[in-house]
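Okay, structure first, notes after.
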Amino acid sequence: MTFATLGLIEPLLRSLETLGYQTPTPVQAQAIPAVLAGRDLMAAAQTGTGKTAGFALPLLQLLAMEGPKVTANSVRALILVPTRELAEQVHEAVRQYAENLPLRTYAVYGGVSINPQMMKLRGGVDLLVATPGRLLDLFRQNALKFNQLQTLVLDEADRMLDLGFSEELANIYRALPSRRQTLLFSATFSDDIRLLAGQMLNDPLSIEVSPRNVAANTVKQWIVTVDKKRKPELFVHLMRKGKWKQVLVFAKTRNGVDALVEKLQGLGINADGIHGDKPQATRQRALDRFKASDVQILVATDVAARGLDIEDLPLVVNFDLPIVAEDYIHRIGRTGRAGSTGEAISLVCADEVNLLSAIEMLTRQTLKRQNEPDFEPEHRVPDTDASGQVVKKPKKPKKPKASGGGGGKRNLGKWVDSGEVAPAEPSIKPVRKVPVFNTGPRKRKP
Ligand code: AMP
């Protein structure tokens, strides 16, 4: 199969040739003809599957071939994304694909001045990539009109809900024309996403290119149990022992990012951090330096790391486990991309046992435990497995103390064969139509 047989026009084929794309990925093979035929889509596709081109290529073709010329302050296609970084990344891909087409494309997001964005929108834009909050600001200030909108794309819809954008999405939804094409992409399909899909999509075609909620199997995953207060020390120990070169590290909070970066820099380690409190320019600079290997360790919160596309990243470390289990899949999706192998190591303390259990249940695997001598935790992390069980071992009756008093080291868990995988769930369930869009606002996370 080639891109030409999928029905793409010559100017797009030329761009793809320049980019070196030879064969459509599975999500592209399914999405491109369906979008060209005007269908709504509900696609389960993880990052790294080529989903961006899957929606952007046919969208650009429709914009170039059909519909009126864009008028002042109008937009003909809108791609909503959860974060600034992803907005930049998606727009950059769109820009490359649209190189040979007479279309205007642009990206808007918060954290930077709104005035240049308002100026740019005056002439109208064929395709706009936007984060939900800034899009609404622009709309409310009459810098944007949706009367010409023909296609809406929700990219990483699960993340938008996780980040608390459900109210913004509902408001945007109310402002859009009801006759339009809608494409929804999500790595995971929770009930909230299904509600959203039921409200926004019209007879969608369901596409699934990887098993539901299963983490990339090209990534070797394991955990080390440790006491919370010793995590920084263990991180440095593992880094030196493993001679880590380029590592993306996830911490739970902004303060956690800053504290770890400070600690590493204090030890002369080349580290930088990105989180939502830092200005966009600073975040971008840290990311660029990391990509260029000028920074060895990049510590990030989930939000800030969204949209990082770094080729051949060998290692991801979860300094803290994510609060939302789906984030684990997003995090480890930063490594093992495009067929290369990667490694994901999680430092897990006793407080995090329920988070660990949720991840194992979601990814249907029992993560291997590897003990690090001299870092065995005093607060043991109970055994967990893919069934969601936290195995609390019955307390053994106390043995009478032997002379010398040495109780020996505790059993800190076991290596479990990755063959222990729970049976697969059915794939995407049919979309339910629901009368109200009530996924409800949620708290933003760091
Ligand atoms: P995405 O899942 O959209 O983030 O894409 C992941 C990476 O794959 C990006 O760096 C794309 O440029 C690249 N890519 C997408 N489609 C293809 C293709 N058909 N052939 C080669 N590379 C691709």
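Details
- For R180, the amide hydrogen comes within under 5 Å of no other amide hydrogen, counting only partners 5 or more places away or on other chains and with H modelled in the peptide plane.
- Shape category assigned to the stretch 44-151 from the gyration tensor of Cα positions, a/c cut at 1.5: oblate
- The stretch 249-299 shape via C-alpha gyration tensor axes, a/c threshold 1.5: oblate
- In the stretch 219-391 the Cα-Cα distances spread across 5 Å bins starting at 0 as 1, 9, 18, 23, 22, 16, 8, 3, 1, 0 percent of all pairs.
- Computed from backbone phi with θ = phi - 60° and the Karplus coefficients 6.51, -1.76 and 1.60, the 3J(HN,Hα) list for the stretch 30-43 is 8, 6, 4, x, 5, 5, 4, 7, x, 6, 7, 10, 10, 10 Hz; x is used for glycine and proline.
- A Förster radius of 41 Å combined with the Cβ-Cβ distance from V390 to K245 puts the calculated FRET efficiency at roughly 0.70.
- A37-T71 FRET efficiency (beta carbon distance; Förster radius 22 Å; 0.05 resolution): 0.25
- The stretch between D374 and K120 holds 85.6 nm of extra length on full extension. This uses 0.36 nm per residue minus the Cα-Cα distance.
- Cross-link table K243/K368; K220/K263; K241/K368; K145/K291; K145/K252; K228/K368, entries beyond 30 Å C-alpha to C-alpha: K145/K291; K145/K252
- Summary of the geometry: the stretch 243-303 and the stretch 313-388, compared by the centres of their Cα atoms, lie 20 Å apart.
Coordinate-derived values only; no laboratory data. Everything quoted here is computed from the prediction, not taken from an experiment. Quick reminder, even Gly has a Cβ in these numbers, built from the backbone with ideal geometry, and neighbours come from all protein chains shown.
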